[in-house]
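**Q** Take this structure first; my questions come after.
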Amino acid sequence: MFKQTAMALACALSLGISSLAQAADPIVIKFSHVVADSTPKGQGALMFKKLAEERLPGKVKVEVYPNSSLFGDGKEMEALLLGDVQLIAPSLAKFEQYTKQLQVFDLPFLFNDMAAVDRFQHSPEGQKLLTSMESKGITGLAYWHNGLKQLSANKPLREPKDARGLKFRVQASAVLEEQFKAVRANPRKMSFAEVYQGLQTGVVNGAENPYSNIYSQKMHEVQKYITESNHGLLDYMLITNTKFWNGLPEDVRSELGKIMVEVTAEVNKQADALNQGDKQRILDAKTTEIISLTPEQRNEWREAMKPVWKKFEGEIGPDLIKAAEAANQ
Ligand code: LMR
């Protein structure tokens, strides 16, 4: 009798202790991404970790996995939906399986500058896109900037005809495929982690990315020319798994939400300076000539690529395209 009671007591105690231990376990947030720590997204992920662990001590632990070290392109979204990671920030070009509307951000020569991008992202239409994938289990928390893309190749690209016949690496985006087809080049979808090798071995001859990605992946070492075309945008949506996010304790979710607002403002403020710093580092490396376009040349690229808009107007919605264009004024 005594033995049974003692055992029951021991059992209850150990259960109690283990549930106590569970309650004290921090919530682990895995943040996986494909770029280097030094880039705007890499810096944002680290800043988020620092602030979350400082302000929610013992409650939240953030693990950051840069450079496709946990999941690369193609796998990270699946991992988020399966609950294997809790935060990712794919480029806006990588959502077409989940919503066609985000394709608006890929349209060539849509935004005049990053201020216009900011205005559109903050507009009611831009904000609505953050919740456009909730039925698929994805919640958008913020837009993070990288910046405007530059064309790179091993030959100078000054006019659209210079790109003819070249193989360009593109992100998984039908709009970007059409953009290169419009100048009679051959687009080839490739995950970010493979770009350097693709360029080095000649599987592709050219690419497009902001300076921060070009420099941190050493793409300039295998590209003799960069054309400062600013022809398109590379920005991110910071997303989480809807069920995970809604299931967080109220106090934790609200503090993380505040931290995200802070981190987003900082990332978006610093992105341009990081890109300009990396442009200078590329110049200093003397591996690559950076070509500026005359206004006439830039206009030729714009005219050559503009027909892409019409092709995607139906999928994106003409009103959304108009709203984005209106942000230029
Ligand atoms: C790319 O694939 O070129 C970019 O989307 C990588 C990134 O996340 O900046």
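The values are calculated or read from the model by the stated rules, or taken from the named source; none is laboratory data. A quick note: this is a predicted structure, and the numbers were derived from the prediction, not measured. Every residue, glycine as well, gets a Cβ built from its backbone with ideal geometry; the counts of neighbours run over all protein chains shown. To get the accessible areas, we keep the full protein, side chains included, count just its heavy atoms, and leave off ligands, DNA and RNA. Shrake-Rupley method; radii C 1.70, N 1.55, O 1.52, S 1.80 Å.
**Q** Just the residues that are more than 21 Å from the chain's Cα centre (by Cα) and either among the polar types (S, T, N, Q) or within 18 Å of His33 (Cα to Cα) (or both), please, taken from segment 205-228.
**A** As a first pass, look at segment 205-228 and keep what is more than 21 Å from the chain's Cα centre (by Cα): 205, 221-227.
If the condition is that a residue be more than 21 Å from the chain's Cα centre (by Cα) and either among the polar types (S, T, N, Q) or within 18 Å of His33 (Cα to Cα) (or both), then Asn205, Gln223, Thr227 are the ones that fit.
**Q** Among all residue pairs at least 6 apart or on different chains, which show Cβ distances below 6 Å where the first residue, located in segment 188-208, is closer than 7 Å to Arg169 by Cα and the second is more than 9 Å from the ligand (Cβ to nearest atom) and assigned to a strand (DSSP E or B)?
**A** Once the first residue is closer than 7 Å to Arg169 by Cα and sits in segment 188-208, its partners that are more than 9 Å from the ligand (Cβ to nearest atom) and assigned to a strand (DSSP E or B) give Arg188/Lys167; Val204/Lys167; Val204/Arg188; Gly206/Ser152; Gly206/Ala153; Gly206/Phe168; Ala207/Ser152.
**Q** Test Ala142 against the criterion of being more than 15 Å from the chain's Cα centre (by Cα) and surrounded by 16 or more Cβ atoms within 10 Å (Cβ to Cβ), and give yes or no. Please lay out each step first, then the result.
**A** Numbers: more than 15 Å from the chain's Cα centre (by Cα): no; surrounded by 16 or more Cβ atoms within 10 Å (Cβ to Cβ): yes.
So Ala142 fails the test.
**Q** So how many residues does segment 164-176 have that are within 12 Å of the ligand (Cβ to nearest atom) and in a helix (DSSP H, G or I)?
**A** Matching residues across segment 164-176 total 1.
**Q** Restrict the check to segment 148-158 and report whether at least one residue is more than 16 Å from the ligand (Cβ to nearest atom) and open to solvent by less than 10 Å² (accessible area, probe 1.4 Å).
**A** The answer is yes, given that some residue of segment 148-158 is more than 16 Å from the ligand (Cβ to nearest atom) and open to solvent by less than 10 Å² (accessible area, probe 1.4 Å).
**Q** Of all residues in segment 64-84, which are in a loop (DSSP other than H, G, I, E, B) and either within 16 Å of Lys136 (Cβ to Cβ) or open to solvent by 40 Å² or more (accessible area, probe 1.4 Å) (or both)?
**A** Across segment 64-84, the qualifying residues are Asn67, Ser69, Leu70, Phe71, Gly74, Lys75, Gly83, Asp84.
**Q** Tell me, which strands (runs of 3 or more DSSP E) lie completely within segment 198-305 with 2 or more residues that are within 15 Å of the ligand (Cβ to nearest atom) and over 21 Å from Arg158 (Cα atoms)?
**A** Where strands (runs of 3 or more DSSP E) fall fully within segment 198-305 and carry at least 2 residues being within 15 Å of the ligand (Cβ to nearest atom) and over 21 Å from Arg158 (Cα atoms), they are 233-241.
**Q** Of all residues being touching a His at 6+ places or on another chain (Cβ under 7 Å) and not in a strand (DSSP E or B) in segment 85-116, which is farthest from the ligand (Cβ to nearest atom)? Just the residue, please.
**A** Among them, the one singled out is Phe109.
**Q** Can you pull out every residue in segment 177-196 that is open to solvent by 70 Å² or more (accessible area, probe 1.4 Å) and more than 14 Å from the ligand (Cβ to nearest atom)?
**A** Passing the criteria: Lys181, Arg184, Asn186.
**Q** Taking Val28 and the conditions (1) modelled with pLDDT under 95; (2) under 27 Å from Leu141 (Cα atoms), which numbered condition does it fall short on, given that it satisfies the others?
**A** Condition (1) is where Val28 drops out.
**Q** Here is a follow-up. Filter segment 225-270 down to residues that are in contact (Cβ under 8 Å) with a residue 40 or more places away in the chain and of a type in the set (Ser, Thr, Tyr) and give me whichever is most open to solvent (accessible area, probe 1.4 Å).
**A** Tyr225
So that you can scan it fast, the table gives a plain yes or no per residue for (1) open to solvent by 10 Å² or more (accessible area, probe 1.4 Å); (2) closer than 17 Å to Leu234 by Cβ; (3) in contact with a helix residue (DSSP H, G or I) (Cβ under 7 Å, 6 or more places away or on another chain):
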{"site": "Thr39", "(1), (2), (3)": "no, yes, yes"}
{"site": "Gly44", "(1), (2), (3)": "no, yes, yes"}
{"site": "Lys49", "(1), (2), (3)": "yes, no, no"}
{"site": "Leu87", "(1), (2), (3)": "no, no, no"}
{"site": "Gln101", "(1), (2), (3)": "yes, no, yes"}
{"site": "Leu107", "(1), (2), (3)": "no, yes, yes"}
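**Q** Residues in segment 207-218 that are buried (at least 24 other Cβ atoms within 10 Å of the Cβ) and either out of contact with any His (no Cβ under 6 Å at 6 or more places or on another chain) or among the hydroxyl-bearing types (Ser, Thr, Tyr) (or both): how many?
**A** Residues that pass the stated criteria total 8.
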